[in-house]
Amino acid sequence: MNFLSVGNPRHLLKPLIIVFTALIIGLGLMTPAHADSVGEEFEFAVVGNVKVEGEPVGGVRIIVEGGGYRAETVTDDKGSWLIGVPEKSDYSVTLDESTLPTGVIVLEGGVTQQVSFSLGDRVSQNFFIGEGERNEVPFIDQLVARLIYGINFGLMLGLASVGLSLVFGTTGLSNFAHGEMVTFGAVAALILGVFLELPIWVAIPAAVLLSAGMGWSLDAGLWKPLRSRGLGIIQLMIVSIGLSLTMRYIIQFFIGGGTEQLPGFDSPKINLFGSVALSVNDLYSMGISIVVIVAFAFWLMKTKTGKATRAISDNPDLSAASGIDVDKVVRIVWIVSASMAGLAGVLWAYFRPGIKWDMGTQILLLIFAAVTLGGLGTAFGALIGALIVGLLVETSSLFIPSDLKYVAALVVLIGVLLFRPQGIMGRKQRIG
């Protein structure tokens, strides 16, 4: 029996074309443009110039971080840069030495320096740079660090991708509101752990339970009635887009447009070897992800409900004729999918770090990429696809500008689908 496969979805070709189009456009939009300024919609800004002996240096990467906010840009031909920030606060400004000309380094103060606002709406930060010997981090250390970060990111992405694949496998629906289910988990943890001041070890499991409740309510109040009315896949997908927009702006109404932090987001780092270090949150995230994925695999392979889920994915009509309660199993699938998405949202909030009203939208297209790469409707394929996407996103910045790391994942996705359209673990009959 195939794991979460869909019989012969020729009728899904049109929605898949729409998904791929959205993926291509969206990943392009996720890539920041090379410019001398970002965040111009904010009232406050950090500005500066990069010059060597009075001569401007263009193309130097500048990063501003603080209060859960992070943005980056590159200097223009005049060496100038501007990064808007959401509020007056303390920020760290980092100059990426690898983008400086050969033999030029930051001479004083280090590559990361602190800035604070006073009375004005702008604060200036200039680096004292000149000729010198650069202490480069060994490439092997950078590679190992990126591989570890990629596995961490891929595991977190896999939690969300498996949930989306579950829904697709049993209902045929490409749920564009899945990103908001990721956001919901993070926001629930924020409300419980920050606003209600519950211990974080209580807030996170409670947020996952609330996410499961969200999955139950969505299927009971929306998806089952629509299925009962005989709506097609295209109509259901359009409804999911509308649901995504609705949930997104409801979340923005309640938490605002800024970035919020969960307790312990700035956990200390532990040196593994050389310059490779992981934060305590990273270690917890990887451990939790592995435990949950193993538990999910056991549920899918060994339990009665898991076997019924796989049977419905292969052939819903035959499963119903065999006595399986299809509606009940689909309801459970929505609950499991939503709870895993909620957990992924919490881990994503620590990985970023920060919670924002549109954070699920930012990751949704990578989730679709993972599901498509692994094989449409295959849960374990979605996990493998997520690990590949996570590794590609993190390691590609060693060889190409970090602005293009999402595009690298898309290129590999397209390459795999050109030679194996059904995905890594898919079957040919799934695409007709």
Q. Counting only residues that are among the aliphatic types (A, V, I, L, M) and within 16 Å of Val52 (Cβ to Cβ), which one in region 84-117 is surrounded by the most Cβ atoms within 10 Å (Cβ to Cβ)?
A. Leu95
Q. Would region 374-397 turn up any residue that is surrounded by 24 or more Cβ atoms within 10 Å (Cβ to Cβ) and β-branched (Val, Ile, Thr)?
A. yes
Q.
Taking the criterion of being in a loop (DSSP other than H, G, I, E, B) and in the same structural domain as Val333 (by TED's automatic domain parsing), would at least one residue in region 94-104 satisfy it?
A. no
Q | Residue that is within 23 Å of Pro199 (Cβ to Cβ), in the same structural domain as Leu347 (by TED's automatic domain parsing) and over 18 Å from the mean Cα position of the chain (by Cα), where the choices are Ser279, Ser289, Ser285 | A | Ser279
Q: Inspect all residues belonging to region 185-205 and state whether any of them is closer than 25 Å to Leu376 by Cα and out of contact with any Phe, Trp or Tyr (no Cβ under 7 Å at 6 or more places or on another chain).
A: yes
Q: Sort out which residues of region 250-296 are crowded, with 17+ Cβ neighbours inside 10 Å and over 26 Å from Thr361 (Cα atoms), and write them in order of number.
A: Val276, Leu278
(Q) Can you find a residue that is among the polar types (S, T, N, Q), more than 24 Å from Ile400 (Cβ to Cβ) and free of Cβ contacts under 8 Å to residues at least 60 places away in the same chain anywhere in region 58-79? (A) no
Q: Would you be able to say whether some residue in region 328-342 is under 30 Å from Pro86 (Cβ atoms) and not aliphatic (A, V, I, L, M)?
A: yes
Q: Could you grab me the full set of residues in region 113-131 that are at pLDDT 75 or above and assigned to a strand (DSSP E or B)?
A: Gln113, Gln114, Val115, Ser116, Arg122, Val123, Ser124, Phe128, Ile129, Gly130
Q. Quick check: anything in region 121-128 touching a Phe, Trp or Tyr at 6+ places or on another chain (Cβ under 7 Å), within 30 Å of Glu55 (Cβ to Cβ), surrounded by 13 or more Cβ atoms within 10 Å (Cβ to Cβ) and without any contact (Cβ under 8 Å) to a residue 40 or more places away in the chain?
A. no
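Here is a list: Arg70, Arg10. Which entry is at pLDDT below 85 and over 26 Å from the mean Cα position of the chain (by Cα)?
Residue meeting the stated conditions: Arg10.
Across region 52-64, which residue is nearest to Thr259 (Cα to Cα) among those that are crowded, with 17+ Cβ neighbours inside 10 Å and out of contact with any Asp or Glu (no Cβ under 6 Å at 6 or more places or on another chain)?
So, considering only residues that are crowded, with 17+ Cβ neighbours inside 10 Å and out of contact with any Asp or Glu (no Cβ under 6 Å at 6 or more places or on another chain), the one nearest to Thr259 (Cα to Cα) is Val64.
The values are calculated or read from the model by the stated rules, or taken from the named source; none is laboratory data. Predicted, not measured: the structure shown is a model, and the values here were computed from it. Backbone-built Cβ (ideal geometry, glycine too); neighbour counts: all protein chains shown.
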